[in-house]
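Take a look at the structure set out below.
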Amino acid sequence: MPDARHAYVHIPFCRHRCGYCDFTLVAGRDDLLAAYFSALGRELERLQQPLELDTLYLGGGTPSHLGSDGLRRLFSLFAPTCRPVAAAEVTVEANPLDVTDEWVTAVKDCGVTRVSLGAQSLAAATLASLDRDHTPTDVRRATDLLLAAGLTVSIDLMTATPGQTPAAVAADLEAITALGTQHVSVYCLTWEPGTAFASQRRKGLLRPVPEETERAMFELAIDHLEAAGYEHYEVSNFARPGGRCRHNEAYWDCRPWEAFGPGAARFNGRTRITNHRSTTTWIKRMLAAEDATGEVETMTAEEAARERLVVGLRRRAGVSRKAFTNASGFSVDELAKAALARWQRAGLAEDDGETVCLTRAGLLVSDSLWAEVL
Ligand code: SF4
């Protein structure tokens, strides 16, 4: 993707696998680190020219698990071919446990501007129920260190966790807003097939939160974060003024992006190429100079337009009809007139003739709406 101004790097290492997680990763396999770096170096060779990047995002897995030396090594590997411009947003995801003075120094030296902390909760009981290895104190300490270093900080909050009550979510929100981060992402726990949580649920050992409670928890989050000065700018994302995640905004604008690492998906506006999801297979194939592609999905112009409409509607600002037609070549109405009319009648969407957007009620059930458009 020679015109990509955004890049994602997948770092698939974690200390252990949390019971709910089905991401592409290896847990307790630091023996693969050296081979992983070599494989990344190989993958970078496919770039025909250096990229000037507006955003770079290191996700995982747990990128902070690489430590200070690993982070420096990764940035020096990328420096010749993936160059963030002067005002670029450079994000690294981190486990609060890994955030030390030394790591923060490395982060600053490498040009990172933003750290996304996988906090999930500030309640010890919720963290234990999620299998997490950090404590509320670790989250507070990490946030203070990062903010004091002048970094933008995002916090992940998880709701609808096993045994969690709305009161516990309210207490979490209170504690999280007190941290003073610029950005908060809120996710409901999902029960992915193949995870330890899914199997414990089958055996009756874990029970999901009822759907109405899950919805009420999300409404609590919206109310609380908006009252604390965060703008709800996308279904799961909240930002203080100037704190939006520019990298995610590039995804939602369907701009082309590059991606490196196992399971990472790159996109040119029509085609999504996903690397092999197995870390060991991806490494093996990269080092043997074999094709490490896992999946290729090519969309027709209409399919790409439909996808653009869905990601646009996930944003609070909605979709401008004119901008949508200019970008996709299709009109909103030819793709989704009937669905939009149904949603409007049900109070799930609004349409002023220029812009269509979901209402709060629509955003709360948005995942169940997309099949009508795609
Ligand atoms: S730390 Fe994050 S990526 Fe790693 S297993 Fe836990 S949830 Fe998954």
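Overview of results
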item: Residues of type lysines that Lys322 reaches as a straight line, Cα spacing below 21 Å, ignoring anything fewer than 8 places off in the same chain; result: Lys337
item: Charge context of Tyr251, other residues only, Cβ under 14 angstrom, K/R +1, D/E -1; result: +2
item: Under-5 Å amide H pairs with Gly294, H placed in peptide plane, nonlocal only; result: Thr274, Asn275, His276
item: For Gln182, residues with placed amide H under 5 Å, excluding near neighbours; result: Val153
item: Region 1-54: C-alpha gyration tensor shape, a/c 1.5 cut-off, then a/b vs b/c; result: oblate
item: Dipole magnitude of the chain, debye to nearest 20 (Cβ charges: Lys/Arg +1, Asp/Glu -1, about Cα centre); result: 420 debye
item: Per residue Cα convex hull volume in Å³ - calculated over the chain; result: 142 Å³
item: Karplus 3J(HN,Hα) series, Hz, for region 108-125 with 6.51 cos²θ - 1.76 cosθ + 1.60 (x for Gly, Pro); result: 5, 4, 7, x, 5, 10, 8, 10, 9, 8, x, 7, 6, 6, 10, 10, 4, 5
item: Hz values of 3J(HN,Hα) by residue in region 163-171 - Karplus curve (6.51, -1.76, 1.60), Gly and Pro given as x; result: x, 6, 10, x, 4, 5, 5, 4, 5
item: Positive minus negative residues near Met158 (Lys, Arg vs Asp, Glu; Cβ under 12 Å); result: -3
item: Local electrostatic count, Phe267, Cβ distance below 11 Å [Lys/Arg +1, Asp/Glu -1]; result: +1
item: Of Met299, Met286, Ala228, farthest towards positive along the dipole that unit charges on Lys, Arg, Asp, Glu beta carbons give the chain; result: Met286
item: Positive-pole candidate from Val92, Gly67, Tyr36, dipole of region 6-252, charges at beta carbon; result: Tyr36
item: Within region 78-176: Cβ-based charge dipole about Cα centre, in debye rounded to nearest 20 (Lys, Arg +1; Asp, Glu -1); result: 200 debye
item: Estimated 222 nm signal from helices in the chain, with DSSP H stretches of n ≥ 4 weighted -39500 (n - 2.57), rounded to 500; result: -11500 deg cm²/dmol
item: Amide proton proximity set for Thr159, modelled H, under 5 Å, gap of 5+; result: Tyr187, Cys188, Leu189
item: For region 29-45, 3J(HN,Hα) per residue [Karplus equation, 6.51 cos²θ - 1.76 cosθ + 1.60, θ = phi - 60°, Hz, x = Gly/Pro]; result: 10, 5, 4, 8, 4, 4, 5, 4, 4, 4, 5, 4, x, 5, 5, 4, 5
item: Alpha-carbon Rg/Rh ratio, for region 86-174, with Rh computed the Kirkwood way; result: 1.02
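Laboratory data are not the source of any read-out in this text; all were calculated from the coordinates shown. For clarity, every value in this text was computed on a predicted model and none was experimentally measured. Neighbour counts are summed over all protein chains in view; Cβ atoms, including those assigned to glycine, are modelled from backbone coordinates with ideal geometry.
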